[in-house]
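Enquirer: Questions regarding the structure given below will be posed in turn.
The values are calculated or read from the model by the stated rules, or taken from the named source; none is laboratory data. On a predicted model such as this, the values are computed, not experimentally measured, just so you know. Every residue, glycine as well, gets a Cβ built from its backbone with ideal geometry; the counts of neighbours run over all protein chains shown. Areas reflect the complete protein model, heavy atoms only, side chains present, ligands, DNA and RNA absent. Shrake-Rupley method; radii C 1.70, N 1.55, O 1.52, S 1.80 Å.
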Amino acid sequence: MGVLTRSRTAKVLGGIAVIGASALVLAGCAGGSEPAASGDAGGNTSADFPIDCEAAEPASYTPEYTSTSTGPGTDLTYTIGTALPVTGNLAFLGPPEISATEFAASEINAAGKGITIDLKQGDSGDTDNKAYETEIPRLLGEGATAIIGAASSGTSLQFIDQVIAANAIQFSPANTSAAFTGYKDNGLYWRTAPSDVLQGEVLGNLIGADGNETLGMIVLNDAYGTGLACFTKAAFEAAGGEVVATSLYNTGDTNFSAQVEDVLAAGPDAIALITFEEVKTIIPELIGADVNPEQLYLVDGNLANFGDDFEAGTMAGAKGTYPAVDPASIATFRDNLQAFWTGAGNAELQDFTYGPESYDAVVLLALAALQAGSTAGPDVAANLQAVSGGSGDGTKCTSFAECADLIIAGQAADYDGVSGPITFNEVGDPTEASIGVFEYGDDNNYEFVRVG
């Protein structure tokens, strides 16, 4: 297609079509790349809220880059690395995400459409163990021109500049911080997970709709936690509630007694736990202090099937949210992913969170490379919006093979994936998304209730 120059303008908090959810609260705050100082209220709009939500709002940015791709091409080998959580405080998300990338690569390679995925797995770790410090250079050194990950927004922010400097794409299936919307990424950062503008709005409204008038929050002090806390606060207060206590902690912390005491001292009707795997330590302390599990609300960073980790009934009635479609609509995908993963000798998957988004990330990268006739970062990036249908045209298709046939025939393809329609906007954010609401039973596992 000759030399293609694209300009993309960040549309702060805009462009998300909510499936089955109420309109976005645009007055909400956004998660920034700089977390608040733990216990420091500097810059607050409220003396009792230890996060500067106004400063966390993402800036507008217009990246420009040049693609020299002439596509489509049908003799490509695409080296894709992953930086997903094998270790760290999101390690429970590793199996569904890693298995889904492997599953997608196997299907693409089996399709025989002129592109072969050479998938190289890596560990993102977290901001405490810093596994990414050695893994990202290794993956880039092995020729990866796209990195899938990290799951944690805070972790992704630690290596995004390194990936961009290498002219590679960073594509996250799980980053939800609004900080990425206006990030100076040269058009190379993309994600299949929606911004926390949406999850915070759904979570805040859910807590209010359940009849709670006051809310306490225990929050991970990073771009994900503080941003989601801001959006949740804005929605809950817009619904007539009041946030009466918010206590922060840092990655690597192991004792949360002070945070639990701070929140319980305010006597809130409900408690939102905006955390990662640390929730396994926090929940027993709250239950031990006679908190009713029905008062607890979890998020995508910690919503997991706890099963025998806790005594039966510990989580009964607790609720949570995460970006998800109705599980019934992807039952076949889950079954196929489970069969693929266990058939390769791996342990059975216990959770599927962000598995669909991880699968779709690989498929979208492959389709964009096929259309570009190139696996170079800027070339693939120049075609990602188009293959998602974000350019406003294209024939709907729901599998790699079906979409690839359209591209090879010189037609425009609009991929609708297992995680939903996706449809990227100019800054690499999905414009269509839904947030699932889940509730725990006596077995400490969660079940889908509805789309928020």
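Enquirer: Using every Cα-Cα pair within region 86-232, state what percent have a distance larger than 20 Å.
Expert: I get 54 percent for the Cα pairs in region 86-232 exceeding 20 Å.
Enquirer: Residue by residue, what Karplus-based ³J(HN,Hα) values in Hz, rounded to whole numbers, does region 95-101 have, using 6.51, -1.76 and 1.60 with θ = phi - 60° and x for Gly and Pro?
Expert: Coupling constants for region 95-101: x, x, 6, 5, 4, 5, 5 Hz.
Enquirer: Using Cα positions and a limit of under 24 Å, work out the lysines in reach of residue 319, with same-chain residues fewer than 8 apart set aside.
Expert: Residue 319 reaches 233, 280.
Enquirer: Which of the lysines could be linked to residue 184 by a straight reach, that is with a Cα gap under 19 Å, when you skip same-chain ones fewer than 8 residues away?
Expert: Within the straight-line cut-off, residue 184 pairs with 11.
Enquirer: If the only charges are +1 at each Lys and Arg Cβ and -1 at each Asp and Glu Cβ, what is the size of the charge dipole of region 282-437 around the Cα centre, to the nearest 20 debye?
Expert: 320
Enquirer: Through the Karplus equation 6.51 cos²θ - 1.76 cosθ + 1.60, θ set to phi - 60°, convert the phi angles of region 148-153 into ³J(HN,Hα) values in whole Hz; use x for Gly and Pro.
Expert: 8, x, 7, 6, 7, 4
Enquirer: Per the 1.4 Å probe, what fraction of the accessible area of the chain, in percent, lies on carbon and sulfur atoms?
Expert: Values: 7130 of 15610 Å².
Its accessible area is 46 percent carbon and sulfur atoms.
Enquirer: Excluding ligands and nucleic acids, what accessible area in Å² is computed for residue 113 using a 1.4 Å probe, to the nearest 10?
Expert: Using a 1.4 Å probe on the heavy atoms, I get roughly 50 Å².
Enquirer: Taking the Cα centre of region 177-269 as origin, work out the dipole magnitude from +1 charges on Lys and Arg Cβ and -1 charges on Asp and Glu Cβ, in debye rounded to 20.
Expert: Taking the Cα centre of region 177-269 as origin, the dipole is about 400 debye.
Enquirer: Now for a separate question. Could you point to the residue in 438, 147, 125 farthest towards the positive end of the chain's charge dipole, with +1 and -1 charges on the Cβ of Lys/Arg and Asp/Glu respectively?
Expert: Positive-end residue among those listed: 147.
Enquirer: Also, quick follow-up: Starting from the Cα gyration tensor of region 291-408, take the square roots of the eigenvalues, sort them a ≥ b ≥ c, and report rounded, prolate or oblate (rounded when a/c is under 1.5, otherwise prolate if a/b is larger than b/c, else oblate).
Expert: Because a/c hits 1.5 or more and a/b exceeds b/c, region 291-408 counts as prolate.
Enquirer: Just to confirm a number: summing +1 for Lys and Arg and -1 for Asp and Glu over residues other than residue 149 whose beta-carbon lies under 10 angstrom from that of residue 149, what do you get?
Expert: Values: positive: none; negative: 97, 123, 135.
Net charge around residue 149: -3.
Enquirer: Based on the inverse mean of 1/r over its pairs of different Cα atoms, what is the Kirkwood hydrodynamic radius of the chain, in Å?
Expert: On the way: mean 1/r = 0.0458 Å⁻¹.
In the chain this quantity evaluates to 21.8 Å.
Enquirer: Can I ask one more? Report the antiparallel proportion of the DSSP beta bridges in the chain as a percent, rounded to a multiple of 5.
Expert: Taking every DSSP beta bridge with both residues in the chain, the antiparallel ones total about 30 percent.
Enquirer: Continuing with the same structure: Show the residues, 5+ positions off or on another chain, whose built amide H is closer than 5 Å to the amide H of residue 148.
Expert: Answer set, sorted by chain and number: 81, 82, 83, 171.
Enquirer: I'd like the projected area of region 127-191, averaged over all directions, using the convex hull of its alpha carbons. Report it in nm² with one decimal. Can you show the working numbers first?
Expert: Numbers: hull surface 15.6 nm².
Computed as one quarter of the Cα hull surface, the answer is 3.9 nm².
Enquirer: Residues with beta-carbon under 11 Å from that of residue 446, excluding residue 446: net charge, scoring Lys, Arg +1 and Asp, Glu -1?
Expert: Around residue 446, the charge tally is -3.
Enquirer: Then there is this: Quick check for me: using +1 on Lys/Arg Cβ and -1 on Asp/Glu Cβ, what's the dipole size of the chain about its Cα centre, in debye to the nearest 20?
Expert: In debye, rounded to 20, the chain gives about 1520.
Enquirer: With a sphere of radius 10 Å drawn around the Cβ of residue 373, what net charge do the other residues whose Cβ falls strictly inside it have (Lys, Arg +1; Asp, Glu -1)? Display every interim value, and only then the final one.
Expert: On the way: positive: none; negative: 75, 379.
Net charge in that neighbourhood comes out at -2.
Enquirer: Compute the accessible area per residue over the chain, keeping the other protein chains in place, probe 1.4 Å, unit Å². Before the final figure, lay out the partial values.
Expert: Values: 15610 Å² over 452 residues.
Heavy-atom accessible area per residue stands at 35 Å².
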